[in-house]
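Comments concern the structure below.
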Amino acid sequence: MKFLVLWRMELSLLSREMAQAVGRMADYGEELESAGSVLARYHIVGAHGGAWIYDVDSHEQFERLLARAPVFNFARYEVHPLAEMAPQAQTGGTA
């Protein structure tokens, strides 16, 4: 199961705790990439947040990983489930 997660910092919650949480996100992301749970991580240019692509075995695993994110309580999330695009030969479509 793959999910695209867009997260943006809730600047109204700006605090020392938030700054520390942001500082821990890189290590958290590296840990998830090493485990194969995150396929890619991107910064959103001009915004305070990122876009991560998760690859997990279940909704429960996804929710656990998201809830463990250091910025979980300081960010807003947009979650988009992803589906593989089948080659046209499999779908019967034509070019």
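The values are calculated or read from the model by the stated rules, or taken from the named source; none is laboratory data. The model shown is predicted, which means the values in this text are computed figures rather than measured ones. As a convention, Cβ positions derive from the backbone with ideal geometry for all residues, glycine included, and neighbour counts pool all protein chains shown.
Search segment 27-54 for residues that are under 27 Å from Ser12 (Cβ atoms) and of a type in the set (A, V, I, L, M, F, W, C) and pair each with any residue that is loosely packed, with under 15 Cβ neighbours inside 10 Å and modelled with pLDDT under 95 when their beta-carbon atoms are under 7 Å apart and the residues are at least 6 apart or on different chains.
What qualifies is Ala51/Ile44.
Residue-by-condition table, conditions (1) part of a helix (DSSP H, G or I); (2) surrounded by 11 or more Cβ atoms within 10 Å (Cβ to Cβ):
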site	(1), (2)
Leu6	no, yes
Ala21	yes, yes
Leu39	no, yes
Ala47	no, yes
Ala67	yes, no
Pro70	no, yes
Asn73	yes, yes
Met85	no, no
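If you take the residues in segment 1-55 that are of a type in the set (Asp, Glu) and at pLDDT below 95, which one is nearest to Pro81 (Cα to Cα)?
Among those that are of a type in the set (Asp, Glu) and at pLDDT below 95, it is Glu10.
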